[in-house]
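Enquirer: First the structure, then my questions, so here it is.
The values are calculated or read from the model by the stated rules, or taken from the named source; none is laboratory data. From a predicted model like this one, the values you see are computed outputs, not experimental measurements. In this analysis, Cβ positions are derived from the backbone assuming ideal geometry, glycine residues included, and neighbour counts consider all displayed protein chains.
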Amino acid sequence: MKKNSFSTTVLLVAVISTITYFGCKKSDSPTNTPTGPTIAVSLATDASLGSYLVDKDGYTLYFFSNDSKGRTSCTNGCASYWPYFYAGALTSDNLGAGLNIADFDTIVVNGANQTRYKGWPLYYYAPTGTTKEPAGQITGEAVSNWFVAKPNYTIMLANGQLVGGNGINYLSTYAVGDGKTDYFTDAHGLTLYTFTVDSANINKFTHADFLNNPSWPIYDTTAIVVPSALDKTLFSSITVFGHHQLTYKGWPLYYYGGDNKTQGLTKGITVGPTPGSKWPIVVAGEAGAPHK
């Protein structure tokens with residue numbers, strides 16, 4: 001009886017030990033949970049401003065209209081209040097939904113890297129000069145020439161020196177001189193113009209066959225997304241031989257072919273008898289197009 005009892009006990013212990021061993025091995029084995037790439041830039045949404053860019057922690061990113069040529073003009077003390085944003089080496093996997101890797105690149109500013117979006121350098125806002133505004137806030141919107149970085153602007157404000165096709169600097173009055181002018185561009189900073197011969201909501205330049213369109217391409221869009229400093233209701237669109245052309249205060253809007261789709265160029269102002277007489281740039285304070 002003792003022998004049988006001992007054998008039974010040994011057998012039970014062995015079985016329990018085996019179950020316990022394999023149970024521990026199964027529960028203690030590491031779990032390899034796959035993790036996706038870090039999203040460095042994504043879109044947030046505000047009830048009034050719509051979609052705008054934020055970093056991986058939800059901090060708002062901004063454009064500076066003074067960066068009209070795609071170069072950083074906020075340096076020294078300015079950079080304390082508007083720190084540069086650098087996302088690192090981006091790939092499509094690092095971007096949130098609705099963003100395109102082709103719209104991003106990197107520039108070097110005084111030895112530091114800075115990410116650009118559609119040609120505009122990106123910044124944070126630090127209202128105290130030391131601490132960034134809290135994540136989720138957009139208090140830097142329309143502070144002087146600063147605006148939230150949106151993915152779908154159809155109009156942006158640029159603030160820069162006007163330079164004609166003759167290489168001469170001009171003021172907003174088209175007198176020769178050095179000084180910055182606030183003017184309208186598209187999302188990529190390409191300068192927009194009006195044609196002084198046009199009437200309110202009537203394009204008098206473009207031919208039905210569009211053969212002259214390369215010289216002064218129409219701004220072909222119906223979308224109206226503008227910085228909060230501008231009155232959206234002053235924009236509309238007209239139909240031009242089956243195409244759509246954006247208008248401002250009734251003025252049809254054009255590009256200049258001679259600007260070669262280059263951010264910050266304003267060569268078109270000197271096309272005509274005198275600078276600004278035939279193809280002026282678009283500015284917020286201009287009078288509405290005449291009904292003629």
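Enquirer: Would you mind stating whether Asp220 is within 18 Å of Glu286 (Cβ to Cβ), surrounded by fewer than 15 Cβ atoms within 10 Å (Cβ to Cβ), out of contact with any helix residue (DSSP H, G or I) (no Cβ under 6 Å at 6 or more places or on another chain) and charged (D, E, K, R)? Please lay out each step first, then the result.
Expert: Numbers: within 18 Å of Glu286 (Cβ to Cβ): no; surrounded by fewer than 15 Cβ atoms within 10 Å (Cβ to Cβ): yes; out of contact with any helix residue (DSSP H, G or I) (no Cβ under 6 Å at 6 or more places or on another chain): yes; charged (D, E, K, R): yes.
So Asp220 fails the test.
Enquirer: Just to be sure before I move on: is Leu265 assigned by TED's automatic domain parsing to the domain that holds Thr233 and more than 19 Å from Gly164 (Cβ to Cβ) in the structure I sent?
Expert: On the way: assigned by TED's automatic domain parsing to the domain that holds Thr233: yes; more than 19 Å from Gly164 (Cβ to Cβ): no.
Criteria not met by Leu265.
Enquirer: Yes or no: the stretch 199-208 includes at least one residue that is touching a residue at least 12 places away in the same chain (Cβ under 8 Å), surrounded by fewer than 22 Cβ atoms within 10 Å (Cβ to Cβ) and under 27 Å from the mean Cα position of the chain (by Cα).
Expert: no
Enquirer: For Ala142, state whether it is part of a loop (DSSP other than H, G, I, E, B), in contact with a helix residue (DSSP H, G or I) (Cβ under 8 Å, 6 or more places away or on another chain) and among the aliphatic types (A, V, I, L, M).
Expert: no
Enquirer: Without any contact (Cβ under 8 Å) to a residue 60 or more places away in the chain, assigned to a loop (DSSP other than H, G, I, E, B) and over 15 Å from Leu192 (Cα atoms): which single residue out of Pro290, Pro273 fits that description? Steps first, please.
Expert: Working: Pro290 fails: without any contact (Cβ under 8 Å) to a residue 60 or more places away in the chain.
Of the residues listed, the single one that is without any contact (Cβ under 8 Å) to a residue 60 or more places away in the chain, assigned to a loop (DSSP other than H, G, I, E, B) and over 15 Å from Leu192 (Cα atoms) is Pro273.
Enquirer: Of all residues in the stretch 223-260, how many are touching a helix residue (DSSP H, G or I) at 6+ places or on another chain (Cβ under 7 Å) and on the phi > 0 side of the Ramachandran plot? Give the steps one after another, and end with the answer.
Expert: Step one: list which residues in the stretch 223-260 are touching a helix residue (DSSP H, G or I) at 6+ places or on another chain (Cβ under 7 Å), which gives 224, 226, 248-249, 256, 258-259.
Those still in the list that are on the phi > 0 side of the Ramachandran plot too: 249.
Residues flagged as touching a helix residue (DSSP H, G or I) at 6+ places or on another chain (Cβ under 7 Å) and on the phi > 0 side of the Ramachandran plot within the stretch 223-260 amount to 1.
Enquirer: Only one of these is among the small types (Gly, Ala, Ser) and touching a residue at least 12 places away in the same chain (Cβ under 8 Å): Ala79, Ala87, Ala102. Name it. Quick ask: steps written out before the conclusion?
Expert: Details: Ala79 fails: touching a residue at least 12 places away in the same chain (Cβ under 8 Å); Ala102 fails: touching a residue at least 12 places away in the same chain (Cβ under 8 Å).
So the residue among Ala79, Ala87, Ala102 that is among the small types (Gly, Ala, Ser) and touching a residue at least 12 places away in the same chain (Cβ under 8 Å) is Ala87.
Enquirer: Check Ala14, Ala79 and return the single one that is assigned to a helix (DSSP H, G or I) and either loosely packed, with under 10 Cβ neighbours inside 10 Å or modelled with pLDDT of 50 or more (or both).
Expert: Working: Ala14 fails: either loosely packed, with under 10 Cβ neighbours inside 10 Å or modelled with pLDDT of 50 or more (or both).
Being assigned to a helix (DSSP H, G or I) and either loosely packed, with under 10 Cβ neighbours inside 10 Å or modelled with pLDDT of 50 or more (or both) holds for just one of Ala14, Ala79, which is Ala79.
Enquirer: Okay, next question. Take the stretch 180-208 and flag every residue that is over 26 Å from Asn152 (Cα atoms) and either part of a loop (DSSP other than H, G, I, E, B) or in contact with a helix residue (DSSP H, G or I) (Cβ under 8 Å, 6 or more places away or on another chain) (or both).
Expert: Thr196, Val197, Asp198, Ala200, Lys204, Phe205, Thr206, His207, Ala208
Enquirer: Mind checking whether some residue in the stretch 158-173 is assigned to a loop (DSSP other than H, G, I, E, B), surrounded by fewer than 23 Cβ atoms within 10 Å (Cβ to Cβ) and in contact with an Asp or Glu (Cβ under 7 Å, 6 or more places away or on another chain)?
Expert: First, the residues of the stretch 158-173 that are assigned to a loop (DSSP other than H, G, I, E, B): 164-168, 171-173.
Now narrow it down to the ones that are surrounded by fewer than 23 Cβ atoms within 10 Å (Cβ to Cβ): 164-168, 171-173.
Right, trim to in contact with an Asp or Glu (Cβ under 7 Å, 6 or more places away or on another chain) and you get none.
Checking the stretch 158-173: not a single residue is assigned to a loop (DSSP other than H, G, I, E, B), surrounded by fewer than 23 Cβ atoms within 10 Å (Cβ to Cβ) and in contact with an Asp or Glu (Cβ under 7 Å, 6 or more places away or on another chain).
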